[in-house]
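Below: one structure, written as structure tokens.
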Amino acid sequence: MIESLGSLMQGLAVAISPMNILYCFIGCAVGMLVGVLPGIGPTEATALLIPLTYGMSPVSAIIMLCGIYYGGMYGGTITSVLINTPGEAASVVTCLDGYPLAKQGRAGVALKVAAYGSFVGGILSIFGLVLLAPPLADWALKFGPSEMFALLVFGMCMVVGLMGKSLIRGLVSIFIGLLLALVGMDTVSGAVRFTLGSNQLVGGLSIVTICMGLFGLSEILVGMENLSQTNKVSSVASSKLRKGEWGPTIGSIIRGSFLGFFMGLIPGTSSAIPALISYSMEKRLSKHPEKFGTGIPEGVAGPETANNSYVGGAMIPLFTLGIPCSPTIAILMGAFMLHGLTPGPTLFIENPIVVWGTIASMFVGNVILLIMNVPLANVWAKVAQIPNKMLYPVVLIVAILGAYTVSNSMFEVGIMLVCGVIGYLLKKLDIPMAPIALVFVLSEMMERSILQSIKINKGLSGLYNSPICMTLLILSVIILIASLFAEYSNKKSRFLTSDDE
Amino acid sequence: MKNSKLFVLFLVVVFGMLVLSGFSSVFAADYPDHEITIVVPYNAGGASDMTSRIVATGMQEALGQTILVVNKPGGSGGVGMSEVRAAKPDGYTISYIPVEIVMHETLKLSDLKSDDFDYIGQLTLVPSALTVAVDAPYNTVKEFVDYALAHPGEVTIGNSGAGSIWHIAATYLEQVSGAKFNHIPFDGAAPAVTALMGGHINAVTVNAGEVLSGVEAGKLKILAIMTEERDPNMPDVPTMKESGFEVVIGGWGGLGVPKGTPADVMEKLSASVEKATASQEFKDFISQRGMVVNYKNSTDFTKFVADQTVFFSDLLSKMELGG
């Protein structure tokens, strides 16, 4: 452990050389930019920029590409808060409280809390990476298809917490998400489903396109109705937290850090899962769960922290075993190989400078992002003041461009527009949107993992023979019963007392 | 007078047409006079994408024109390739052609046929490697197959998706050896390798490059690769053939243009690809990714594609995929 810290210091010396700081800055800035623009996420940006790194030294190249990765995680928050359009799946839950905050003129609070949370999450997870890497990586390998399925069931139960006022409407939303996830080729059987004979749908729908339509476009359509009224945010409220908001926010940041880190270790997860679980967990632990969704800072802080600390966790399997845990990490792995480095335990021995330089640069990158984001939060917050008449066309253009870049085709734009209209209708029916997007992400993995588990074990024995699996499944059942019970008693009390709804 | 005016007009028109046609023939001789697009029918960042981008850099130098690389993923490569097939056969729209082109017709993935394209050249060969956990009770293919024969249907082999080339490779081994495996599809090769490392499955038959890290980490061992000859990157690993199983199968990638592209354009493109694949940069990248540089010129690649079409149609029709 002491040895690790010593190596980390050496790495820090590499990371704070002026050129590497510059590359780290460029990476973070590019990452932020692509995070802000929907369509191109950090995965695509990393892939597209790899060829530019040919001429650089391996350390600088990797530092820059990592910067894009976590910079993108920061950037995704901005659009979620300001225009209710998540640039990637991990930011879907940020919309839930971030956008209401922006509507109250408190976008600055949301962005600042997210920046602080991301910083703490990032730094803590890097410490985890330095101190705990090897034993944890082996533990994480225990997550096979059966355990993955149980984890996803757990995640699905968490979605119940996001359902808003009515259980029935929440279920409708969940089933829409499931239905959308069924489109395309099923990897297990190779069967093509619900594509209406279209070649373009064989690969399934893209989460980015769906999010931009359901969240962004539908918001514009609803907003168009009252365009003549000037119900604008009158002023930008103070971007400071109010008294009494500090406690829960700090708590959610710390819990989010640990959650994200451990989720990052598990191969095959995505950063949307820790964000989702963090939000549900905060809501459950909160003294005032009914305020979630109306714009409270801890609803933004927890998930944003979790999706950043996920990055540090996800680096562990890459560095120790050569396993890419997520699509972006897979591309980073490609970048390592392009520079003649094979990620894995031998990398620590053969190229300690690269490994520790990269890890140390993540500290530097998080500091850079904090410096960039906290003052910027006030600038971004002013965007919320732009009159809708001017803001909407810009958002529309960005959304169309984003949808086009998903696969460079107008087909995705068409899907986005259809999703926008569906989103508008759902909004009119008061059906929550977040479960659609999250269930879409989870159910695809869930279906695959259960089918794999059944095939490997020739039945369901994989589920009850694994302790991890059983624990997760039992927890899921408890949560489900608890939330159904809460819903029931809530309804009863509302029925007795409420007359304002 | 009137007639002579008409005659002058006639001359002008004829002269104009000559000049224009002259110009256009000059244009053809000057191919390429504007940027060229390479369509990659897969996502950015994958092996096909990176291969195309590096080749594009080399071709760009040889042709003196900018080459754009565009990703059009979807439908097992069907979306991107269909688009190139429908493009003008003028050499300005090129497709990256993966091994899947020879399967589209048989597997009914799309209406693409392998003779929809003129082939510029082959770039790479992507060998399949039979890989198992390092502590597995078998050290050779023979032992592995014997074990599988003794435990029919119990040995689990991971692949990168139902009907993928690695699934077909495992099924081919099944056919040749007479063993019966339990095929487990994953969403890409990397998750399959991860599951192998975690002990959730017994073997994988994916691209050798995907398992290299695991081998170096001391978690996995490669029993054999399914190429004709040993791979210079891993000289200690025997081929399936050496081990007594006639299994030669793998992925490959090349470049193609829509059918009917002029011969002189084809020649220029082919020459630029030959140059690009010979560069050290390309060779280094390909071998680090566990692939093999395998340049074939237009004629040889065309013949190779035709042979592979017959081979795979035959193989696939005998297989029961999707189970």
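The values are calculated or read from the model by the stated rules, or taken from the named source; none is laboratory data. Only a predicted model underlies this, so the values are computations on that prediction, with no experimental measurement involved. Note: ideal-geometry Cβ built from the backbone for every residue, glycine included; neighbour counts use all protein chains shown.
Take A:LEU205 and decide whether it is within 14 Å of another protein chain (Cβ to nearest Cβ) and modelled with pLDDT of 85 or more. Yes: the conditions hold for A:LEU205.
For region B:146-165, how many residues meet the condition of being in a helix (DSSP H, G or I) and either touching a Gly at 6+ places or on another chain (Cβ under 8 Å) or at positive phi (or both)? Number satisfying all stated conditions: 2. Here are A:THR294, A:THR305: which of them is within 30 Å of A:TYR99 (Cα to Cα), not in a helix (DSSP H, G or I) and not acidic (Asp, Glu)? Within the list A:THR294, A:THR305, the selection yields A:THR294. The residues of region A:143-188 that are in contact (Cβ under 8 Å) with a residue 60 or more places away in the chain, within 14 Å of chain B (Cβ to nearest Cβ) and in a loop (DSSP other than H, G, I, E, B), listed by number, are A:PHE143, A:GLY144, A:ASP186, A:THR187, A:VAL188. Just checking, does region A:246-253 include any residue being modelled with pLDDT of 90 or more and either closer than 15 Å to A:ALA275 by Cβ or of a type in the set (Asp, Glu) (or both)? Yes: region A:246-253 contains one or more residues that are modelled with pLDDT of 90 or more and either closer than 15 Å to A:ALA275 by Cβ or of a type in the set (Asp, Glu) (or both). Please verify whether A:GLY98 is assigned to a helix (DSSP H, G or I) and either among the aromatic types (Phe, Trp, Tyr) or within 17 Å of A:VAL311 (Cβ to Cβ) (or both), treating the condition exactly as stated. For A:GLY98, the condition - assigned to a helix (DSSP H, G or I) and either among the aromatic types (Phe, Trp, Tyr) or within 17 Å of A:VAL311 (Cβ to Cβ) (or both) - is not met.
Has region B:183-205 got any residue that is surrounded by 24 or more Cβ atoms within 10 Å (Cβ to Cβ), in contact with a Ser or Thr (Cβ under 6 Å, 6 or more places away or on another chain), polar (S, T, N, Q) and within 27 Å of A:VAL202 (Cβ to Cβ)? Yes - at least one qualifying residue is present in region B:183-205. Say whether the condition of being away from chain B (no Cβ under 13 Å) and under 25 Å from A:THR79 (Cα atoms) is met by at least one residue in region A:131-142. No - not one qualifying residue is present in region A:131-142.
Screening A:ILE415 with (1) within 30 Å of A:GLY213 (Cβ to Cβ); (2) surrounded by fewer than 19 Cβ atoms within 10 Å (Cβ to Cβ); (3) at pLDDT 85 or above gives one miss only, at (2).
When A:SER228, A:SER189, A:SER239, A:SER234 are screened for being among the hydroxyl-bearing types (Ser, Thr, Tyr), at pLDDT below 80 and touching a Lys or Arg at 6+ places or on another chain (Cβ under 8 Å), only A:SER239 passes. A:ILE397 satisfies every condition listed in (1) touching a helix residue (DSSP H, G or I) at 6+ places or on another chain (Cβ under 6 Å); (2) closer than 25 Å to A:LEU48 by Cα; (3) in a helix (DSSP H, G or I) except (1).
Reported count of residues in region A:40-67, each being within 12 Å of another protein chain (Cβ to nearest Cβ) and within 30 Å of A:ILE210 (Cα to Cα), is 13. What do you reckon, is A:PHE261 within 14 Å of chain B (Cβ to nearest Cβ), surrounded by 24 or more Cβ atoms within 10 Å (Cβ to Cβ), among the aromatic types (Phe, Trp, Tyr) and touching a residue at least 24 places away in the same chain (Cβ under 8 Å)? Against the criterion (within 14 Å of chain B (Cβ to nearest Cβ), surrounded by 24 or more Cβ atoms within 10 Å (Cβ to Cβ), among the aromatic types (Phe, Trp, Tyr) and touching a residue at least 24 places away in the same chain (Cβ under 8 Å)), A:PHE261 does not qualify. Looking at this structure, is B:VAL293 within 22 Å of B:LYS259 (Cβ to Cβ) and either more than 12 Å from chain A (Cβ to nearest Cβ) or among the aliphatic types (A, V, I, L, M) (or both)? In short, no. If you check A:ILE359, A:ILE329, A:ILE353, A:ILE316 for being out of contact with any Gly (no Cβ under 8 Å at 6 or more places or on another chain), among the hydrophobic types (A, V, I, L, M, F, W, C) and part of a helix (DSSP H, G or I), only one passes: A:ILE329.
Within region A:319-330, residues that are at positive phi reach no partner that is of a type in the set (Phe, Trp, Tyr) and surrounded by fewer than 24 Cβ atoms within 10 Å (Cβ to Cβ) with beta carbons closer than 9 Å at six or more positions or on different chains.
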